[in-house]
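The values are calculated or read from the model by the stated rules, or taken from the named source; none is laboratory data. All values derive from a computational prediction rather than experimental measurement. Glycine also receives a Cβ, built like all others from the backbone with ideal geometry; neighbour counts cover every protein chain displayed. Ligands, DNA and RNA are stripped out before the accessible areas are found, and what is left, the full protein with its side chains, is counted by its heavy atoms. Shrake-Rupley method; radii C 1.70, N 1.55, O 1.52, S 1.80 Å.
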Amino acid sequence: QVQVVESGGGLVQPGGSLRLSCVVSGSIFGFNAMGWYRQAPGKERELVATVTRSGVTVYVDSVEGRFTISRDNAKNTVYLQMNALQFGDTAVYYCNTRPSSLKWGQGTQVTVSS
């Protein structure tokens, strides 16, 4: 069974940066679209960024211009560079295919606080 392990979260002040990583136990090359999702307390999980096998990226409006998603197919890893973090970015972040088809990992907590 393919497993997903997210890492890189933490506590950061507003305006700070974090880089999240997602390692998939199997090959991600076969998945056209990989995505980063997040779930804030009391809210539903939402897709925030997608990257296709060819490198095309799509972002939700709230993170456009601040977040950058990328993938390294050779390392079966998906990254999310997050800059200019805001209070509203506080959430548990997950990665999965888009649409989601893998078992969800534990996620990584991102907390933006002063």
Task: Filter result for Ser21 (touching a residue at least 24 places away in the same chain (Cβ under 8 Å) and open to solvent by 60 Å² or more (accessible area, probe 1.4 Å)) - done: no
- [ ] Could you run through segment 16-34 and say how many residues are within 13 Å of Gln81 (Cα to Cα) and either part of a strand (DSSP E or B) or of a type outside the set (S, T, N, Q) (or both)?
- [x] 6
Task: All positions within segment 24-51 that are under 16 Å from Ser101 (Cα atoms), open to solvent by 30 Å² or more (accessible area, probe 1.4 Å) and not hydrophobic (A, V, I, L, M, F, W, C) - done: Ser25, Ser27, Gly30, Asn32, Arg45, Glu46
Task: Residues located in segment 58-85, provided they are touching a Ser or Thr at 6+ places or on another chain (Cβ under 7 Å), farther than 19 Å from Gly26 by Cα and part of a strand (DSSP E or B) - done: Val58, Ile69, Gln81, Met82
TODO: Evaluate the following for Gly88: is it outside any loop (DSSP other than H, G, I, E, B) and more than 28 Å from Gln1 (Cα to Cα)?
DONE: yes
Open item on the list: Can you confirm whether Ser62 is of a type in the set (Gly, Ala, Ser), within 21 Å of Lys43 (Cβ to Cβ) and touching a helix residue (DSSP H, G or I) at 6+ places or on another chain (Cβ under 9 Å)?
Closed with: yes
Task: Odd one out for Glu6 among (1) closer than 22 Å to Ala84 by Cβ; (2) exposed (fewer than 12 other Cβ atoms within 10 Å of the Cβ) - done: (2)
